[in-house]
Structures are given as structure tokens and as C-alpha cells.
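Visitor: Sharing a structure below in C-alpha cells format, with a few things to ask.
The values are calculated or read from the model by the stated rules, or taken from the named source; none is laboratory data. Here the structure is a predicted model, which means the values were calculated and not measured. With ideal geometry, Cβ positions are generated from the backbone for all residues, glycine too; neighbour counts draw on all protein chains shown.
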Protein chains: 2
Amino acid sequence: MFKFEVLKKSQKSNARLGKIITSRGIVNTPAFIFCATKANVRGVTIDHIKSAGSQIISSNAYHLMLQPGGELIKEAGGLHKFMGWEYPIFTDSGGFQIFSLGYGGIDAEIKGTQQLKKKRSLLKLTEEGAQFRSNIDGKTIVLTPELSMKIQMDLGADIIVSLDECVPCRVNKLYTANSMEKSKRWAARSLNFFREQGTGEQAILAVIQGGVYKDLRQESARFANENEFHGFAIGGSLGKTKKEMFDVVETTSEMLNKSRYVHLLGIGEIEDIFHGVKCGIDTFDCVTPTRIARRGAAIVKKKDLLHPSQRYLNLGSSAFEKDFSPISCSCDCYTCRNFSRAYIRYLIKAGENLAGALLTIHNVRTMNKLMEDIRESLITDSLDETIKEWLG
Amino acid sequence: MFKFEVLKKSQKSNARLGKIITSRGIVNTPAFIFCATKANVRGVTIDHIKSAGSQIISSNAYHLMLQPGGELIKEAGGLHKFMGWEYPIFTDSGGFQIFSLGYGGIDAEIKGTQQLKKKRSLLKLTEEGAQFRSNIDGKTIVLTPELSMKIQMDLGADIIVSLDECVPCRVNKLYTANSMEKSKRWAARSLNFFREQGTGEQAILAVIQGGVYKDLRQESARFANENEFHGFAIGGSLGKTKKEMFDVVETTSEMLNKSRYVHLLGIGEIEDIFHGVKCGIDTFDCVTPTRIARRGAAIVKKKDLLHPSQRYLNLGSSAFEKDFSPISCSCDCYTCRNFSRAYIRYLIKAGENLAGALLTIHNVRTMNKLMEDIRESLITDSLDETIKEWLG
């Protein structure tokens, strides 16, 4: 079962309050989807992810295909049962990983902060799919749209994504156009396979490609609008600067049939989320909240930072050596209710992994609280006040 | 506040059911004390340690002295508040770590499985205390009985231990005798400091030394019996073989004033616990349940092992690749209620730390269940049936 409902539209922007209904439960939107890429949120028991208010998590078809394999997880009763998460799951197609294998870095490419690297010799991209060698067992695998669908169906995720090619931001328009056209053909094959083999329990999203080129995005959106995808995932290169990213998100989201659900792939900074929400984005996913936690950083409201120029609170800082207050006094997470900045700083300095787990719980709760505040503000039409509260 | 009560004595052995009453709560004995050496149970949130039925945990004066320092923890409101554990805490004196610095390996020496290594040049043992260089900041520190007491008092642990020298099993009787005599003098100094500076909230244990030499153990026990320690911790070398260890534990525990509480330091194999219980040991501590968890091993009843020759279930084994049953069908821990052997095996193979956390929770619960079963069997006078149930 999959249904998406818009409950309220903002008078001031394209922001909207909605809900996604799946057989695993409801996701109130706008919502944040936390990365459990390899069928776990690294280092944290899943009960804490739920207790922190999470509605939905995401896993990755590419990684789980390589280890332990989609069929094993199917045999286990599906990904929900395998990893002990009974609520909605989103899976990504592996397209992003093809890109990673092909060009090196991931985040940096999307965000335009990294030079284009030489393609790895492992990868061969054809019309059929992406051929690569498994880093787990050395086997050669061709990830096709059909295989990506099969894996995501074996996993039993509630929301799955068509396979796309994700190109770096520095390629030229011709390359981007060809790639977008290929992604369209792959999306069509994904949808065909999905229709033929699907159980009707899952929803499929089309990835909207086209880089920073408005006409290419338009064509990608047209194709997706005209086919029976349950929703859209805005993907691919979003440009080299924040302004470019904001422009791409804004113009692309305007092109989409807004009776359907819209996801923005891989974006998770607080200001980017506010911008996305204003453009009508319903869900976001990003590795940042959990990744930076493992590196000692806490997400807090702007006013809780030590300096306005910082993005996060670096708990490893000597400033916190004897700071016996919680990460954030206004946070109700397990970590903030039970532990001080000094304790977390000590754990970081002592090399104890528990620091990462406690910070992950805090960051997950903080992102969920951000989304709760956004949803609340959409009810009361006070999004700007919420932005001010979070970003100062 | 500290009180120890014997509730029932076995008719068949020296086993006894008891309770330790502290201002942080009651510990029903026989009990297992879990290692939170550096103010955390590695990689696991403390709520899971409590949910697994734990009554008491232990931390280490030596490690916490070096990082973050006893005074910082005192300033934080004590170790309980610092690490978010409001129940009883036991701290060890650092004596064992002097030994480790002095001679190399720790467990292996106690258990007689390792050759005596050359002393590290860092260490200077005098009548005053143990001089060493901190591996954290390079400072030279002399750990004296008084300093160990001060740190354990700053931590605010409920049960603290006098400083002793812990010698390897292969030294001769003269060395052991001299060391035991020094440990007596250090215990007297520990007790003096404890009386002068104590709040009355903590209990102090004397370490019983003397290696495998009965007359030396007798002298160490005599001294401890004649002084106002709240209880005893049997420490030092317990010999080279299991038989020797069993003999030392049996003869030493018989020497002690059994109206007081008796702890056995560093022993935690199931059969050793059953033996200790029969000798009248009230509490045990050992790093094994949590350490082996991080290495992929689960503690189970003998009948749940793949082969009777194994000590643990090695979850990394390919035997579990498609085993969708829990680690143990009879276990009620968080891990067994939610995850399969196949999932844990996958996490181990994928290098995910969550495997260690889930196995730690299981092993902690299993050790607590073992102690619950032992306490139950002491009520019904059926310890031998419980031994059979666990060890086959």
C-alpha cells in the first residue's frame, strides 16, 4: 500500500504538509530519512533511532546486493525483519554508487567541491547497466535497472527508486543530456519490471536528472510526470554553489506533478532543508547527521553554537572539558537527558565509540525535532519564525 | 551506606544467597559485576546494560585517574552522574594496572598462560607507591594507596578496593611473600586514609594476596579479617591451571570471616563462577563477557554450542549465514528478541560495530540470567541442577 496526501499548502511558498501512507505505517511530511545504508545505523541500536522520533530510514540496494545479498534478506523475511525496524523503509537504487565507483568521491561531486577524477577501470557503463567488480568477493556484476528493482523488491522496502546514472557536476551539457536520456530509458525499464513483478505494496520513484540545465531537468520531469511513478526523487548534480543548488531544487520541483510525493536526494543541511521545504520537497535524506556524529559533531540550533561561523558543535573541543551541561538544554533526546558535554568530550578523547553512538542519537533527534517544528509551523503558517528559531 | 546480609546458606556447599545494600540500591548476590572500565561499557548505551538485568558495574581508578581525572569526575557530580548509571558501582584500585605496566599482559599472567616478560622501564615500585609515566599526557605519576583511595572517593563509587601489588604467577615464594607483606602495608594505609577522609557512604575491600602459597594467603586473610574492611577481594595470581585456581579460591575463601562480603577479582567463565559460588564467593567481575562480544562471540548454555569443545558461539561463522533464529531461543535479551544469528553474522562480516554492541547486550543478559538462576537455585537448594542446565 502506498498513498500520498497533501494536508495543507502554505500561502507564502510551495511548502506543504502531507502524509505518506504505507503498509508499515505513516510518515508525516516534511520528513527526514536517516541513513541505515548497510542495514544498520552505524553503532546505534535501532530502538534508539525509533525513540528519537524517526519515522523512516533508508538503505542501499548497491551495498546490500554485495553483502549479504538481496536474496538472503528476502529469505530472512525482508529488510524490516532482518534489521529489526518495523516502520517504513526507503531504498536507493545504487545509481549514486555507480557514480561513486565511476568518478571517486560522492558528496563532494554532488556539491561541486571536488575535481573530476579519472574513471576507475573497474567500471563499464553500457546501455544494459553498470558493470563493476565487487569489493567483497571480487565477482563481476552488472547492475541493471531490472536487477536494482529485483534487489529493492527482495529487500521489501516501502519506497524504492528507479536506477539512474548520476554524473558529476563538471561534465558538459552534451554528456549530461545523454546521461539524462539514458536515465529515462533505465527508469522506463525499472517501471516495467516494477509493474510486472511488483506486489503492489511498494511505491516507485523516478529520479529527476539533468544537472544544472533547466531544459534537461524539464525533459526528465516531463518523462516522470507522464509515467505512473508514485513520486519523484530529485537527484544528480545540483551545481557547484549553494545558490546553484537552490536554483536547481526550486526550478525542478516546480516542474513536477505536485499531487505526487517529492524527495530530494542527499541533502541534509538545516538551511537546505528549509529551502527545500519552501520548494515543496516532502522528504530529505542525507548521511550527514549520522556521519558527523561519529566524527564528534553535534547538530544544534545556531544560537547554541560557540561561534556563528561554525556549522556544528565540535564536542572534542577543550571548551567542553568541564562543561557539565547537556549538548543542548532544549533537546529532549536520550543523550541530552542523561549525559553532559564533558562526558561526551571525554569519550571522544578516550577513543570510545560510545561517543559516536550518543552523538548519533542526538543528531537524529535534532533532525526529527527540526522536521516536527517545520510541520507544526506549516499548520500555524509560521515557517519564517521556525527558520529564525533554528538559524538565528 | 553499606550493609551485607547473608539470607541463606547452602546445606551442600559454602554457597550463600545474600544482598549488598548501598545508598545506590541493592545488589542481590551471587552477582556479576560488568566492566565499564573507562566509565562506559564499550560501544553500548548504559540503558541497555540496565535493561539486561545488571545490578552493578565496575570502573577503574587507574584509567580514570589518567583520563579524565578523578577531580573532573568529582566536579561532574561523581561517576554515577557522569556516566548516567544511578545504581551501585564498584571501582578497582589500579593495583592490577600496576602489574600490567610492570610485566606486560594482564589476563594471561593471572591465568598462568604467559611467560614473565621484562619489566617496563617506566615503572618504579617503591614502598611509597608505583611510579609510572602516563600514556595520555606523559606526566610522571606515583600511584600510592592514598592516591588510589582519593580517586575512588572522588569517583564516589559504592564499593572501593585497597591498593595492592599484583605479581605474576611465575615469581618465587619469597617475591610473593614480600609483595603480600607490601600489599598488607598498602591496605593498612588505604584503610587509614579511608577512615580519615571517608564519607561513610562507601565500603572498602581488602585484597587478599599470597599467590598459590597457602600460608601466605593465610597471613593476608588474617590481616584482612583483623582489620575493619567491609569485605574482601580475592586477587593476585591464582595459579597456572584451572585446578590450581580452584584450589586457591577454595582455600582462600575458607580463611575469610564469612560474615563479610567476598569478591573474586577477574574471574568470569561460567564453570569458574559455579565453583566460586560453591566456595562462598558473593560477586565476580571479568572483562570476558563484554570483550569477547566485541570479537564476535556469544555466551550460551553448553547445549546451544555447535560443538561441546567450544567455549562460545562464534557468530562470525559461516554456519550462521542463513540462520534466522536468535542467538539463543531461551534468551530474553534485546538482541535475541529482535535480531537473528544471520543478521549479527552479516554485521560482523560487514565490519559494523553494531555487532559488538548487540553481542555485548546478549552476553550481559546471559551472565545476569546465569546469576539469577544461581540465586533461584540457592533458594530451592538445586544448584547442581542449575549447573547441569548450563554446563550440560
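Visitor: Taking into account only those residues within segment B:71-97 that are at positive phi and crowded, with 20+ Cβ neighbours inside 10 Å, which is nearest to the other protein chains (Cβ to nearest Cβ)?
Guide: B:Gly84
Visitor: Could you check how many residues of segment A:56-70 are within 11 Å of chain B (Cβ to nearest Cβ) and over 18 Å from the mean Cα position of the chain (by Cα)?
Guide: 4
Visitor: Sticking with this one: Being among the aromatic types (Phe, Trp, Tyr), more than 23 Å from B:Gly69 (Cβ to Cβ) and facing chain B (nearest Cβ under 10 Å) narrows it down to one residue among A:Tyr334, A:Tyr346; which is it?
Guide: A:Tyr334
Visitor: Can you find a residue that is assigned by TED's automatic domain parsing to the domain that holds B:Ala233, among the hydroxyl-bearing types (Ser, Thr, Tyr), surrounded by fewer than 23 Cβ atoms within 10 Å (Cβ to Cβ) and not in a strand (DSSP E or B) anywhere in segment B:50-70?
Guide: Yes; the residues of segment B:50-70 include at least one that is assigned by TED's automatic domain parsing to the domain that holds B:Ala233, among the hydroxyl-bearing types (Ser, Thr, Tyr), surrounded by fewer than 23 Cβ atoms within 10 Å (Cβ to Cβ) and not in a strand (DSSP E or B).
Residues checked against (1) touching a residue at least 12 places away in the same chain (Cβ under 8 Å); (2) surrounded by 17 or more Cβ atoms within 10 Å (Cβ to Cβ):
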site: B:Leu163; (1), (2): yes, yes
site: B:Cys166; (1), (2): yes, yes
site: B:Arg170; (1), (2): yes, no
site: B:Tyr175; (1), (2): no, no
site: B:Ser179; (1), (2): yes, yes
site: B:Lys184; (1), (2): yes, yes
site: B:Val207; (1), (2): yes, yes
site: B:Leu216; (1), (2): yes, yes
site: B:Ala221; (1), (2): yes, yes
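Visitor: A further question follows. Is segment A:98-106 home to any residue that is more than 26 Å from A:Asn353 (Cβ to Cβ), away from chain B (no Cβ under 11 Å) and modelled with pLDDT of 95 or more?
Guide: Scanning segment A:98-106 turns up no residue that is more than 26 Å from A:Asn353 (Cβ to Cβ), away from chain B (no Cβ under 11 Å) and modelled with pLDDT of 95 or more.
Visitor: In segment A:127-147, how many are loosely packed, with under 14 Cβ neighbours inside 10 Å and under 23 Å from A:Ile204 (Cα atoms)? Working first, answer last.
Guide: Just the residues of segment A:127-147 that are loosely packed, with under 14 Cβ neighbours inside 10 Å, to begin with: A:127, A:134-135, A:137-140, A:142.
Subset that is under 23 Å from A:Ile204 (Cα atoms): A:127, A:142.
Final tally of qualifying residues: 2.
Visitor: Of the numbered conditions (1) in contact (Cβ under 8 Å) with a residue 24 or more places away in the chain; (2) more than 14 Å from chain B (Cβ to nearest Cβ); (3) more than 27 Å from B:Glu321 (Cβ to Cβ), A:Leu7 satisfies every one except a single condition; which is it?
Guide: Tallying (1) in contact (Cβ under 8 Å) with a residue 24 or more places away in the chain; (2) more than 14 Å from chain B (Cβ to nearest Cβ); (3) more than 27 Å from B:Glu321 (Cβ to Cβ), A:Leu7 fails exactly one: (1).
Visitor: If you take the residues of segment B:259-283 that are closer than 19 Å to B:Phe2 by Cα and surrounded by fewer than 23 Cβ atoms within 10 Å (Cβ to Cβ), which of them is farthest from the chain's Cα centre (by Cα)? Even if it seems obvious, please write down each step before you answer.
Guide: Within segment B:259-283, the subset closer than 19 Å to B:Phe2 by Cα is B:259-264, B:281-283.
Filter once more, keeping what is surrounded by fewer than 23 Cβ atoms within 10 Å (Cβ to Cβ): B:259-260.
Numbers: B:Ser259: 21, B:Arg260: 18 Å.
Here the residue is B:Ser259.
Visitor: Name the residues in segment A:31-55 that are within 12 Å of another protein chain (Cβ to nearest Cβ) and either without any contact (Cβ under 8 Å) to a residue 60 or more places away in the chain or among the aromatic types (Phe, Trp, Tyr) (or both), would you?
Guide: A:Ala36, A:Lys38, A:Ala39, A:Asn40, A:Thr45, A:Ile46, A:Asp47, A:Lys50
Visitor: Another question about this same structure. Any residue in segment A:317-329 that is more than 17 Å from A:Ala52 (Cα to Cα), surrounded by 22 or more Cβ atoms within 10 Å (Cβ to Cβ) and within 14 Å of chain B (Cβ to nearest Cβ)?
Guide: Here is the first cut: in segment A:317-329, the ones more than 17 Å from A:Ala52 (Cα to Cα) are A:317-325.
Subsequent filtering for residues that are surrounded by 22 or more Cβ atoms within 10 Å (Cβ to Cβ) retains A:320.
This time we only want the ones that are within 14 Å of chain B (Cβ to nearest Cβ), so: A:320.
So far as segment A:317-329 goes, yes, one or more of its residues are more than 17 Å from A:Ala52 (Cα to Cα), surrounded by 22 or more Cβ atoms within 10 Å (Cβ to Cβ) and within 14 Å of chain B (Cβ to nearest Cβ).
Visitor: Could I ask something else about it? So is B:Thr290 within 27 Å of B:Val167 (Cβ to Cβ) and surrounded by 23 or more Cβ atoms within 10 Å (Cβ to Cβ) or not? Don't jump to the end; show me each part of the working.
Guide: Details: within 27 Å of B:Val167 (Cβ to Cβ): yes; surrounded by 23 or more Cβ atoms within 10 Å (Cβ to Cβ): yes.
So B:Thr290 passes the test.
Visitor: Got a number for residues in segment B:298-317 being among the hydrophobic types (A, V, I, L, M, F, W, C), within 21 Å of B:Asn368 (Cα to Cα) and over 19 Å from the mean Cα position of the chain (by Cα)? Break it down stepwise before answering.
Guide: To start, the set of residues in segment B:298-317 that are among the hydrophobic types (A, V, I, L, M, F, W, C) comprises B:298-300, B:305-306, B:313, B:315.
Next cut, within 21 Å of B:Asn368 (Cα to Cα) only: B:298-300, B:305, B:313, B:315.
With the extra rule that they be over 19 Å from the mean Cα position of the chain (by Cα), the set shrinks to B:300, B:305, B:313, B:315.
Total satisfying the criteria: 4.
Visitor: Against the condition of a type in the set (S, T, N, Q), more than 14 Å from chain A (Cβ to nearest Cβ) and surrounded by fewer than 19 Cβ atoms within 10 Å (Cβ to Cβ), how does B:Thr366 come out, does it pass?
Guide: Answer is no for this residue.
Visitor: How about segment B:244-263: which of its residues are touching a Ser or Thr at 6+ places or on another chain (Cβ under 9 Å) and closer than 18 Å to B:Ser162 by Cβ?
Guide: Of everything in segment B:244-263, those that are touching a Ser or Thr at 6+ places or on another chain (Cβ under 9 Å) and closer than 18 Å to B:Ser162 by Cβ turn out to be B:Thr252, B:Met255, B:Tyr261, B:Val262, B:His263.
Visitor: Oh, and also: Of all residues being of a type in the set (A, V, I, L, M) and within 12 Å of B:Phe320 (Cβ to Cβ) in segment B:337-358, which is nearest to the chain's Cα centre (by Cα)? Just the residue, please.
Guide: Going through the qualifying residues, I end up with B:Ala355.
Visitor: Here is a follow-up. Scan segment B:136-172 residue by residue and report those that are of a type outside the set (A, V, I, L, M) and assigned to a helix (DSSP H, G or I).
Guide: Filtering segment B:136-172 down to residues of a type outside the set (A, V, I, L, M) leaves B:137-140, B:144-146, B:148, B:150, B:152, B:154, B:156, B:158, B:162, B:164-166, B:168-170, B:172.
Within segment B:136-172, B:Pro145, B:Glu146, B:Ser148, B:Lys150, B:Gln152, B:Asp154 qualify.
Visitor: Here's another thing I want to ask about it. Looking at the structure I just gave you, is B:Thr380 more than 21 Å from the chain's Cα centre (by Cα), farther than 21 Å from B:Thr283 by Cα and not hydrophobic (A, V, I, L, M, F, W, C)?
Guide: no
Visitor: Quick one: in segment B:173-218, which of the residues that are in a helix (DSSP H, G or I) and aliphatic (A, V, I, L, M) is farthest from B:Val262 (Cα to Cα)?
Guide: B:Leu174
Visitor: Please go through segment B:12-49 and give me each residue that is assigned to a helix (DSSP H, G or I) and under 18 Å from the mean Cα position of the chain (by Cα), ordered by number.
Guide: Across segment B:12-49, the qualifying residues are B:Ile46, B:Ile49.
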